[in-house]
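Chemist: Below is the structure I would like to discuss, written out as structure tokens.
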Amino acid sequence: MDVTLHLAQDPAADALLGRSPLAALTGMLLDQQIPMEWAFKGPRTIADRLGTEDLDAHEIAAMDPEAFAALLSDKPAVHRYPGSMAKRVQQLCQYLVEHYDGDAEAIWRDAGSGPELLRRLEELPGFGKQKAQIFLALLGKRLGVAPKGWREAAGAYGEPGSFRSVADITGPESLAKVRAHKQETKAAAKAAKAAGKK
């Protein structure tokens with residue numbers, strides 16, 4: 001895996017995401033309740049603070065939880081909720097060590113179909129259906145991982161030419177379109193909720 005991603009809008013962080021399956025998974029895990037660029041810059045920040053060029057599932061899984069939480073909490077914090085996200089990142093790495101010998105790419109390397117890959121992603125700690133579908137779309141659209149039926153398994157996120165998620169970002173222009181789509185979706189949900197209260 002060695003592609004150019006534009007999710008963190010930071011060359012060093014994006015380079016790590018493009019070559020490291022674990023960094024890409026970790027960025028996706030962190031992508032909640034904070035701006036997307038902040039989330040996807042997180043793996044590079046963690047690697048820098050560990051003094052390494054890449055993330056290692058075995059190393060992170062084995063770290064003292066308090067020490068790892070402190071690492072994510074240092075200013076600037078890796079996430080708005082660094083303590084709980086440190087726990088989630090460690091749980092993800094522990095799961096990878098237990099089920100895939102610490103090799104994140106093994107999740108998709110031999111997946112026989114889109115639905116099978118979606119199931120594997122949904123089994124990861126911290127990945128619900130939506131997060132799994134977005135990551136599946138990212139794999140298919142940006143990373144060349146395209147098992148049979150991946151677009152259907154990714155749902156609306158797999159649609160070609162859409163601007164729904166991180167899977168559709170190729171630079172600043174598409175980032176703006178994805179942001180606009182998310183704002184429209186939030187506004188529609190808010191309006192529907194308000195209408196339901198009347």
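The values are calculated or read from the model by the stated rules, or taken from the named source; none is laboratory data. Since the structure is predicted, the reported quantities are computational estimates derived from the model, not experimental observations. Methodologically, a virtual Cβ is constructed for each residue, glycine included, from the backbone with ideal geometry; neighbour enumeration extends over all protein chains shown. Only protein heavy atoms, including side chains, enter the accessible area calculation; ligands, DNA and RNA are left aside. Shrake-Rupley method; radii C 1.70, N 1.55, O 1.52, S 1.80 Å.
Chemist: Do we find a residue being under 15 Å from the mean Cα position of the chain (by Cα), basic (Lys, Arg) and not in a loop (DSSP other than H, G, I, E, B) anywhere in segment 121-135?
Modeler: Taking segment 121-135 first, the residues under 15 Å from the mean Cα position of the chain (by Cα) are 121-135.
Those left that are additionally basic (Lys, Arg): 129, 131.
Those still in the list that are not in a loop (DSSP other than H, G, I, E, B) too: 129, 131.
Checked against the condition, which is being under 15 Å from the mean Cα position of the chain (by Cα), basic (Lys, Arg) and not in a loop (DSSP other than H, G, I, E, B), segment 121-135 yields at least one hit.
Chemist: Restricting segment 32-84 to residues that are open to solvent by 30 Å² or more (accessible area, probe 1.4 Å), among the small types (Gly, Ala, Ser) and part of a helix (DSSP H, G or I), which is nearest to LEU22 (Cα to Cα)?
Modeler: ALA62
Chemist: Something else about it: Is there a residue in segment 92-113 that is farther than 28 Å from LYS129 by Cβ, open to solvent by less than 70 Å² (accessible area, probe 1.4 Å) and assigned to a helix (DSSP H, G or I)? Step through it out loud before you land on a result.
Modeler: Taking segment 92-113 and keeping what is farther than 28 Å from LYS129 by Cβ, we get none.
No, because not a single residue in segment 92-113 is farther than 28 Å from LYS129 by Cβ, open to solvent by less than 70 Å² (accessible area, probe 1.4 Å) and assigned to a helix (DSSP H, G or I).
Chemist: Inside segment 1-31, can you point out the residues that are assigned to a loop (DSSP other than H, G, I, E, B), within 25 Å of TYR95 (Cα to Cα) and acidic (Asp, Glu)?
Modeler: Matches in segment 1-31: ASP2, ASP31.
Chemist: Just the residues that are open to solvent by less than 50 Å² (accessible area, probe 1.4 Å) and not small (Gly, Ala, Ser), please, taken from segment 139-198.
Modeler: The answer is LEU139, LYS141, LEU143, VAL145, PRO147, TRP150, TYR157, VAL166, ASP168, ILE169, LEU175, VAL178.
Chemist: Can we say ARG88 is part of a helix (DSSP H, G or I), under 23 Å from THR45 (Cβ atoms), open to solvent by 40 Å² or more (accessible area, probe 1.4 Å) and touching a Pro at 6+ places or on another chain (Cβ under 7 Å)?
Modeler: Numbers: part of a helix (DSSP H, G or I): yes; under 23 Å from THR45 (Cβ atoms): yes; open to solvent by 40 Å² or more (accessible area, probe 1.4 Å): yes; touching a Pro at 6+ places or on another chain (Cβ under 7 Å): yes.
Answer is yes for this residue.
Chemist: Is it fair to say GLN9 is modelled with pLDDT under 95 and open to solvent by 10 Å² or more (accessible area, probe 1.4 Å)?
Modeler: Against the criterion (modelled with pLDDT under 95 and open to solvent by 10 Å² or more (accessible area, probe 1.4 Å)), GLN9 qualifies.
Chemist: Taking only pairs six or more apart or across chains, which ones have beta-carbon atoms under 7 Å, a first residue in segment 105-117 that is of a type in the set (Ser, Thr, Tyr), and a second residue that is surrounded by fewer than 21 Cβ atoms within 10 Å (Cβ to Cβ) and in a helix (DSSP H, G or I)?
Modeler: none
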